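Remarks on the structure that follows.
The values are calculated or read from the model by the stated rules, or taken from the named source; none is laboratory data. Fair warning: this is a prediction, and the values are worked out from it, not measured in the lab. No Cβ is skipped: glycine too gets one built from the backbone with ideal geometry, and neighbour counts run over all protein chains shown.
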Amino acid sequence: MKVTLKFILIILLYTVTSCDLKLQKPYEFEPEVKPYNAYANQTVWEWLQTQKTPEATPGVTPVLSLTKFDYLIEAIEYTGLQEEFNRKTDKRTFFLLNNAAFAGTNRIFNALGATATTIGLPAVRALNKARLTTLLKYHIIDQYITQIDPLYVIGANYFFQTLNEGDTGKMLLRRTDRWAIQVNPAVVAPLTTTRKGVNVSNHNLIYANGIAHVLPDYARNVAF
């Protein structure tokens, strides 16, 4: 009887005290990647025209913002690839190279042979056109890729064919547990030991002709 009474008292005490506990809020995962930025009424090429470094003083060449796309616009025009960025019937993935991808240390200008004294918009047209064309086409995939679809499994390797043919045109994508995309993050066949990796800095820009992710550096499988 004493055991039973003691047990009842314990149950009553637990019931009273537990009533004072507040309901715990459900955990809500906050990804580091913003879901989408929509520019569905524009093609990538049309949107790029709005992404040049503004002139602080009219008629004076500005210091180019590293997050704008002045060099990429010039490179597309120089190589004649405007249509690849402007066809509304396409549903492609574009890895857009901002100014930092061109002018930073060991970036595109260095990789394609430009010297420090020639860095600037005119330097784009001094680059080897064939090599620059190959580099730009490596950053386009003829498939629509968000950081979830089709990258469903965190940390898994997903290979895609860029506009460059063969194994040299293969690109490896991975998704992190924070929903960010990594480009060529490791040497996994058919990637070579000369591969160059980079993390996407801005995801999911939606356009009339596909989706884009911004890169602050260029990627490669083999040297261009």
Sole residue being touching a strand residue (DSSP E or B) at 6+ places or on another chain (Cβ under 8 Å) and surrounded by 14 or more Cβ atoms within 10 Å (Cβ to Cβ), chosen from PHE160, PHE224: PHE160
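Show me the helices (runs of 4 or more DSSP H) entirely contained within region 102-144 in which 2 or more residues are at pLDDT below 95.
Values: elements: 108-111, 121-124, 129-138.
Here the list reads 108-111, 121-124.
Residues that are free of Cβ contacts under 8 Å to residues at least 12 places away in the same chain and over 15 Å from the mean Cα position of the chain (by Cα): does region 121-141 have at least one? Break it down into steps so the answer makes sense when it comes.
Filtering region 121-141 down to residues free of Cβ contacts under 8 Å to residues at least 12 places away in the same chain leaves 122, 130.
Restricting the remaining residues to those that are over 15 Å from the mean Cα position of the chain (by Cα) gives 122, 130.
Yes; the residues of region 121-141 include at least one that is free of Cβ contacts under 8 Å to residues at least 12 places away in the same chain and over 15 Å from the mean Cα position of the chain (by Cα).
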Residue list for region 97-111, filter: over 13 Å from TYR138 (Cβ atoms) and touching a residue at least 12 places away in the same chain (Cβ under 8 Å): ASN98, ASN99, ALA100, PHE102, ALA103, GLY104, ARG107, PHE109
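For region 180-224, which residues satisfy the criterion of being of a type outside the set (S, T, N, Q), assigned to a strand (DSSP E or B) and within 13 Å of the chain's Cα centre (by Cα)? Before the answer, list the steps.
Of all residues in region 180-224, those of a type outside the set (S, T, N, Q) come to 180-181, 183, 185-191, 195-198, 200, 203, 205-208, 210-220, 222-224.
Within this subset, residues satisfying the condition of being assigned to a strand (DSSP E or B) are 181, 183, 196, 198, 203, 205-207, 210-215, 220.
Residues satisfying the conditions are ILE181, VAL183, VAL198, HIS203, LEU205, ILE206, ILE211, ALA212, HIS213, VAL214, LEU215.
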Considering only region 49-60, I want to know if a residue exists there that is within 23 Å of VAL222 (Cα to Cα), basic (Lys, Arg) and touching a Phe, Trp or Tyr at 6+ places or on another chain (Cβ under 9 Å). no
I'm trying to understand the selection: among the residues of region 21-46, which are aromatic (Phe, Trp, Tyr) and either at pLDDT below 75 or more than 14 Å from ASN204 (Cα to Cα) (or both)? TYR27, PHE29, TYR36, TRP45
